[in-house]
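Laboratory data are not the source of any read-out in this text; all were calculated from the coordinates shown. Because the structure is a prediction, the values reported are computed rather than measured. Here the Cβ positions follow ideal geometry from the backbone for every residue, glycine too, while neighbour counts run over all protein chains shown.
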Amino acid sequence: MAAEEESNSLQYTPTWVVAVVCFFFVLISLVAERALHHLGKILKHKQQDALFEALQKLKEELMLLGFISLLLTVFQGLVSEMCIPTYYVSTVLLPCKKHSEGKTPEKHFPRAINHRRRLFSTEAASDHCSREIRQWKQWENEIQGHLNDRHVDEHHTSFVQHAKGWRKTAILSWTMSFFKQFHGSVTKSDYTALREGFIREHCPSNPRYNFHDYIMRTLQVDFKKVVGISWYLWLFVVMFLLLNVKGWNTYFWLSFLPVVLLLIVGTKLEHVIIRLAQEMSEMKERGETAQVKPSDEHFWFKNPRIVFFLIHFILFQNAFELAFFFWILCTYGFHSCIMEKLGYIITRLIMGVIVQVLCSYITLPLYVLVTQMGSCFKEGIFKEHIHSSLTTWRSGPRDQGSG
């Protein structure tokens, strides 16, 4: 009986079985989510706002996590009765090695503690980012009060200093970008110059445009997308479960991935600032009006949205790995073979903390400001009521024509 329970344990179930089952559950969940999405469009079209908001809450609270949990609960008996050749479930891709009949496996199978879910959010990162942006609000107010004097020109001169010495040395330029993100990632001169460039490019007739409020609106729009879980993130979960094989130390190596990606993203964003300063310096040398020129050319594949997708993946991957760690801890105990060695555990936790610190103090503030330097403005360019009116006006003729 003990051997049978051992074979049925998650610790000795091949990772490919877990991954395949999870994949189909996720696929069914996404199909249902799309159906609810179309239902929401119908309610919106019929102006059933109360029902639409209720549907949105249902999707947020139930769809992705709750519905998957429901499927696992309903079909766990059916899944356990599936017939799979013994060879594949006893030798292929096991997260833990099975013990021989003569050994006692009790120490590897502590009684499961309360099955509680632990989820890590980006609340700490959001709090710090809010504090950082409050400082930008003070800068915005100061700039609004000095539009007619040399205050802005002084900051432009300081901003151009970024370009000196780095124009023809790409290696040094990238090195400078890497280290600058750790100290003064966004200075007042940076904010002033980027703000001026954005307004001249997209709002030339309104020099008093409140750039800070625009940033806050775009941050809110992006936050609504960050808290969601896209299909490619669920695909990562399946791969995460698949690669959990004994001896591979997958969780240990994956813990370095978000840190490396954050450093790459932060370096890239700082390098965009330097490139803008270099272009501004070249304009000044040619006798032209020196100003920041927003352009998609400075971003990977000429697409600023790639930065958003990377940050979305980083936050999800870090949160999922930490949550999975504590779930294993509560379910199987600290001495489970899935937990790996103590040194690996400590390293994984340290990496998780580093990601939160880097993201809140460096990457998020940089992302919010620098990604405004693309060729196009973002959805938050207009206030919410104006955006709603424009959306209604744009969809009006088509609705009438379809009627």
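Given a cut-off of 24 Å, name the pairs among Lys137/Lys302; Lys188/Lys224; Lys225/Lys378; Lys225/Lys246; Lys293/Lys378; Lys180/Lys224 whose C-alpha atoms lie farther apart than that in the structure shown.
Working: Lys137/Lys302 29 Å; Lys188/Lys224 28 Å; Lys225/Lys378 14 Å; Lys225/Lys246 35 Å; Lys293/Lys378 16 Å; Lys180/Lys224 29 Å.
Beyond 24 Å between Cα atoms: Lys137/Lys302; Lys188/Lys224; Lys225/Lys246; Lys180/Lys224.
With a Förster radius of 56 Å applied to the beta-carbon distance between Phe223 and Glu282, the computed FRET efficiency rounds to 0.95.
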